[in-house]
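J.: Once you've had a glance at the structure underneath, I'll fire off some questions.
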Amino acid sequence: MGVRGARFGAVVAVVALAAAACGGSGGGSKGNSFSVAITEPDHLTPAQTTSSYSLQVGESLFDPLTEIDPKTKQVSNLSAQSITSDDQKHWTIKLKPGLKFSNGEPVTAKSFVDAWNTAAYGPNGWAANYYFANIDGYDALNPEDENAKPKAKTLSGLKVKDDTTFDVTLSEPYSQFPMTLAVNCFSPLPKEGLSDFKKFDNHPIGNGPYMMDGDWQHNKQIKVKKNPNYKGPRPGNANAVTFKSYASRDAAYTDLAAGQTDALATIPAAKVSDAKKVFGDRFRSVPGGTVDYLGFPLFEKRYDNLKLRQAISMAIDRKGIVNSVYNGTYKPMGSLVPQIVPGYRADPCGQYCQYNPAAAKKLLQEAGGFKGTMNLWFSNADPTYKEWMQAIANLLNKNLGIKAQFRQVPAADYLDSLSSHKEDGPYRQNWIMDYPSAENYLANQWGTDNRMGWTGPNQDKFLSLIKKGNAASTATAGIPYYQQAEDVALKDMAMIPLWNWQDQSAWSDRLSNVINDPIVGFHVESIKVSD
Amino acid sequence: MWRYVVRRLIQIVPVFLGTTLLIYTLVFALPGDPVKALAGDKPLPASVLHALHERYNLDDPFVVQYGKYLGNLLTGNFGETYTGQSVASLMADRWTVTAQLAGTAWIFEMIVGIGLGVYAGLRHGRLGDTAVLGLTTLLISVPTFVVGYTAQLLFGLKLEWFPTAGTQDGWPVSYLLPGIVLGSFGLAYVARLTRTSLAENLRADYVRTATAKGMSRVRVIVRHTLRNSLIPVITYLGVDLGNLMAGSIVIEGIFNLPGIGQQVFQSIQLKEGPVVVGITTFLVLIYLLANLIVDILYGFLDPRIRYD
Amino acid sequence: MTETAEATATATAGGDVGGRRASLWGDAWLELRRRPLFWVAAALLAFMVVLALFPSLFTDLGPNKGCVLSSSKGGSTAGHPFGFDTQGCDLFSQVVHGARPTILIGLAVTVGSLVISIVFGTLAGFYGGLLDSVIARITDIFFGLPFVLGATVILVAFPDHGVGAMCLVLVVLGWTTMTRIMRSQVISVKSMDYVRAARALGAGDLRIMFRHILPNAIAPVFVVSMLNVGQVIAYEATLDYLGVGLQYPTVSWGLQLNVAQDYFTDFPHLLVFPALFLSVTVLSFIMLGDVLRDALDPRMR
């Protein structure tokens, strides 16, 4: 290589060095933009998904009718001007004037109604379909029989009044309705979202602070940029956000620690102590909306015994397990609903959820002992589940002399088995919050056709209390009824609370004003970038 | 020779069909409903379930499902995942990673393995030989995941010679450490095979003759014994490439490489038939072709072998 | 291969090799006795077998007993030389109890695969033709089967994932390797002169298979199967590691390694001890196999 070659080499070297210097921390550097690590979403169309990763992206692209302040739990209007009702059954929704989608199309009442009808129409196969189940006319779009065709394509309970007003009639009074409208699946859709579903899913068009910058690059990233047509109350601070897709949370954390991405809201428990060291006060642990429970099959004779269930509950050292398996990052629970739910009380369960081996032993004797082997059911979806199931098995053996073994079921079969009451022993159950209301947990897990097989007069009482809470004049007025319902459910101990997940997040030093949200992860529009 | 090749190619067909049928049956036999698995804990109304079942032919009897799948496969349509992603593009993405990993491991085990094997074979019975034998035995005995984690901790985290995980540095940097770990097992076998083969051949009559005729040792080795000794080694390397391309669930997990191994494992858990069958069928084809190429090569290397 | 088989055959037939009455296995034993490596491997293996058969000699605690959650992941202290595992159980005791399922599965699967490979390999090699073709295609199909998929499906029928179920899985998925070797051995022995002589003298198929082919073909297969035990143990550990193998209340080294991976950087002892025992066990099988192979192969003397 002669002089020429050497000079060329030097030029290349200088350019490379300059590029590297300008590149900075390598994670989405220039132009007031940042990246967030997520796991690959399944769909981006709002009502096609219930996955939290999809909701994280959806949070940037769509403005539903209301939003919930993650700290105060206050429900405030987002694209709605007002949502009113006299009887919690008939609602009138007025929109803010002049709202537009990112493609310029105006956001009208019809945008909402058409979107909701599309989601509620069974044959479309959209995952968030069940959110619309309490709107009048739902059954006509969702026949039970697999050979029947739906009788209608639109919900009779939705009526467009004018461009900015529509009426919603629910099948029953539901005081939590405005709160549920904050969920992404109630977002409006432009005309394009109503026809070519596949195309729209790869390039959704919304009314939120950001809009898609190019198509969804599957298994790689989703880029969004500021929506110039946005006139809502939460404009974005950064110019652009990149949602980087990772195969696992461990992989995401590795990149975060290496500075290859700017933020992660789902740090695995095993990495928390490292994260605390590396990120300092840019690490945050906030109460989450996910709760782990242990359910009992009441239809199995041995477990149809209240004292036995109480004994088992008192033989489990929740704090000890959280410390050894989750490095103390989760919160042991004595209540059925987590801390972030309005109306949460710290310990309605009382002594029966406290670790007390001596009392547990006594209760077991009073219950008449336990015959045979106990099968512990769970799905092997995450290695930590096996860990705490083993801890429980060891504790039950040590404290109550019960022999336990595992029944691990593949994820594809687990919930099905539970719903068809195949389980013959205590099983792991968890619930991820849809919206911060006690009703969301209680109705879904202890309601009609629950997996524990809990029926009888107490359950009837429970159901009527839930109904009363739903019929209350405001969401807050419903709370005392939900609390009473929770007490009823706790008394029978058909399913006992274990612990509440805490969401662990951390971010790079480029970011500030980071707001966490238990449902979606981050409020990306609030995040400020300082380069 | 050509008749042999054609015959082997024809034999691939029943194996291909048999494998797709077997795998499809096995995935079908897994309990559970993949559509329900995707819904997670959230309620799935009957109408939505039926709609999705229809979309993915899950209501059809097994024979019909398999028939539809095979029909699509033969026209090059690998189907969709249950979230609507193209299986073909998913496979392409994942295989790019696995191919880079497998290639790195293969080159490593070939070069270092043969090198160590030749060294040991030449010093048969002496200290160098014993050392190599001891090292390779150790490499075979320690489970892969132990080697992987130890290597990651030592060379990645503590010494920082390599990146600890992920693919962000591209090839070859991101794939060096995982490739070496993955290849260490094959390296042990290659080294042992080379060593044994070389040592055997060095005692053969024709070597004694050549030496007696005055040929230098180096020439004897390079011109005569090496080629003969490498026959079993090449056989092993050819087969091993097929194995490596199947991906390594363990290595991919430890080093966060989104490859085929992890994908198959996840898809089995979620009962995603099209993904599992698609990947496996492709793998079987690669494996059979690799075998065929090795056997043909065998015929060229060893004149005693004749195919008819 | 030609030379080996001939010398082997002569030796097995009880003929004179090198001036003294010899048998293949007798000669092998004489050779083995002299090698220190054999004794080392045998001693290690014996230790592991004792560990598996009589764990109470080494620890007072039963499997998964005496666990205190608050000691989780603790380091070594008085009375607990290996420290504690994630459940707060004494790690030394758990490692001792981990020996039995591991070694049991390793041996049982190898014996099972050996039996199957002898039957199928001999039939395929001896009769050739269509039978051989069919068996060869079946082994091809099994080679393409992803190990984890096969294991998961088979284990569905055995929800307790017990030792017996694991043995079944590993035999069903692993018989192909040794069958191929047995088959090629049988093919090469089949064309030997003495076999032709036996046929000419009027010996039937079964007699030829049992008296002439099997004893001569089996030595290399036996060696490979010994080396294979290590492989089987590693496979089983991998299944445990992936979470689809053995499960509580069984205690196995593979399971211990599975748990250790998440805490490995902060608590390496969780990984080191089970890995050590597992590696030493596999190592001793392989060393034994190596030494045995060298002893049985007359060309290497």
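The values are calculated or read from the model by the stated rules, or taken from the named source; none is laboratory data. All values reported here derive from a predicted model rather than from experimental measurement. Quick reminder, even Gly has a Cβ in these numbers, built from the backbone with ideal geometry, and neighbours come from all protein chains shown.
J.: Tell me which residues, restricted to the range A:46-62, are part of a loop (DSSP other than H, G, I, E, B) and at pLDDT 95 or above. Lay out the reasoning, then the answer.
T.: Residues of the range A:46-62 that are part of a loop (DSSP other than H, G, I, E, B), as a first pass: A:49-51, A:62.
Hit for the range A:46-62 is A:62, nothing else.
J.: Pairs needed: first member in the range A:442-458, farther than 14 Å from residue A:293 by Cβ; second member anywhere, of a type outside the set (A, V, I, L, M, F, W, C) and part of a loop (DSSP other than H, G, I, E, B); C-beta distance under 8 Å; at least 6 residues apart or different chains.
T.: Partner pairs satisfying both residue conditions: A:453/A:297; A:453/A:421.
J.: Restricting the search to the range A:243-296, which residues are of a type in the set (Asp, Glu), closer than 30 Å to residue A:216 by Cα and assigned to a strand (DSSP E or B)? Break it down into steps so the answer makes sense when it comes.
T.: Initial filter on the range A:243-296 (of a type in the set (Asp, Glu)): A:250, A:255, A:262, A:274, A:281, A:292.
Filter again for closer than 30 Å to residue A:216 by Cα, leaving A:250, A:255, A:262.
Of everything in the range A:243-296, nothing turns out to be of a type in the set (Asp, Glu), closer than 30 Å to residue A:216 by Cα and assigned to a strand (DSSP E or B).
J.: Something else: Would you confirm whether any residue within the range C:117-128 is within 14 Å of another protein chain (Cβ to nearest Cβ) and in contact (Cβ under 8 Å) with a residue 60 or more places away in the chain?
T.: Restricting attention to the range C:117-128, the residues satisfying the condition of being within 14 Å of another protein chain (Cβ to nearest Cβ) are none.
Scanning the range C:117-128, I find no residue that is within 14 Å of another protein chain (Cβ to nearest Cβ) and in contact (Cβ under 8 Å) with a residue 60 or more places away in the chain, so the answer is no.
J.: With the range A:333-433 as the region, which helices (runs of 4 or more DSSP H) entirely inside it contain at least 3 residues that are among the hydroxyl-bearing types (Ser, Thr, Tyr)? Let's see the steps before the verdict.
T.: Working: elements: A:357-367, A:383-400, A:411-419.
Answer list for the range A:333-433: A:411-419.
J.: Here's another thing I want to ask about it. Note down all Cβ pairs under 8 Å where the first residue falls in the range A:306-326 and is within 12 Å of chain C (Cβ to nearest Cβ) and more than 15 Å from residue A:399 (Cα to Cα), the second is in a helix (DSSP H, G or I) and hydroxyl-bearing (Ser, Thr, Tyr), and they're at least six residues apart or on different chains.
T.: Matching pairs, first to second residue: A:323/C:70; A:324/C:70; A:325/A:384; A:326/A:384.
J.: Name the residue, out of B:93, B:33, B:59, B:41, that is modelled with pLDDT of 85 or more and facing another protein chain (nearest Cβ under 9 Å). Show your work before the answer.
T.: On the way: B:33 fails: modelled with pLDDT of 85 or more; B:59 fails: modelled with pLDDT of 85 or more; B:41 fails: modelled with pLDDT of 85 or more.
Answer to the check: B:93.
J.: Against the definition (more than 8 Å from every other protein chain (Cβ to nearest Cβ), crowded, with 19+ Cβ neighbours inside 10 Å and assigned to a helix (DSSP H, G or I)), how does residue C:289 come out, yes or no?
T.: On the way: more than 8 Å from every other protein chain (Cβ to nearest Cβ): yes; crowded, with 19+ Cβ neighbours inside 10 Å: yes; assigned to a helix (DSSP H, G or I): yes.
Spelling it out, residue C:289 is indeed more than 8 Å from every other protein chain (Cβ to nearest Cβ), crowded, with 19+ Cβ neighbours inside 10 Å and assigned to a helix (DSSP H, G or I).
J.: I need a count of the residues in the range C:238-286 that are aromatic (Phe, Trp, Tyr) and facing chain B (nearest Cβ under 8 Å). Write out each step before concluding.
T.: Going through the range C:238-286, the residues aromatic (Phe, Trp, Tyr) turn out to be C:241, C:248, C:253, C:263-264, C:267, C:273, C:277, C:285.
With facing chain B (nearest Cβ under 8 Å) added as a condition, the list becomes C:241, C:264.
Residues in the range C:238-286 being aromatic (Phe, Trp, Tyr) and facing chain B (nearest Cβ under 8 Å): 2 in total.
J.: Consider only pairs whose beta carbons are under 8 Å apart and that are at least six residues apart or on different chains; among these, list those whose first residue lies in the range C:144-166 and is at positive phi and more than 9 Å from chain B (Cβ to nearest Cβ) and whose second residue is buried (at least 18 other Cβ atoms within 10 Å of the Cβ) and in a helix (DSSP H, G or I).
T.: So the pair list comes out as C:161/C:155.
J.: Quick one: how many residues across the range B:139-148 are under 13 Å from residue C:286 (Cβ atoms) and more than 7 Å from every other protein chain (Cβ to nearest Cβ)?
T.: Residues meeting the conditions: 1.
J.: Looking for whichever is over 25 Å from residue B:253 (Cα atoms), out of contact with any Cys (no Cβ under 8 Å at 6 or more places or on another chain) and not in a helix (DSSP H, G or I) here; the options are C:220, C:249. Which one fits?
T.: On the way: C:220 fails: not in a helix (DSSP H, G or I).
Answer to the check: C:249.
J.: Could I ask something else about it? Do any residues in the range A:131-147 that are more than 9 Å from every other protein chain (Cβ to nearest Cβ) and under 25 Å from residue A:182 (Cβ atoms) have Cβ atoms under 9 Å from those of residues that are part of a loop (DSSP other than H, G, I, E, B) and among the aromatic types (Phe, Trp, Tyr), where the two are at least six apart or on different chains, and which pairs are they?
T.: Note: pairs meeting the criteria are A:134/A:174.
J.: Given (1) under 21 Å from residue B:80 (Cβ atoms); (2) touching an Asp or Glu at 6+ places or on another chain (Cβ under 9 Å), where does residue B:15 come up short, assuming only one miss?
T.: Exception for residue B:15: condition (1).
J.: Here is a follow-up. What number goes with the only condition from (1) over 30 Å from residue B:196 (Cβ atoms); (2) away from chain C (no Cβ under 12 Å); (3) aliphatic (A, V, I, L, M) that residue B:241 does not pass?
T.: Of everything listed in (1) over 30 Å from residue B:196 (Cβ atoms); (2) away from chain C (no Cβ under 12 Å); (3) aliphatic (A, V, I, L, M), residue B:241 misses just condition (1).
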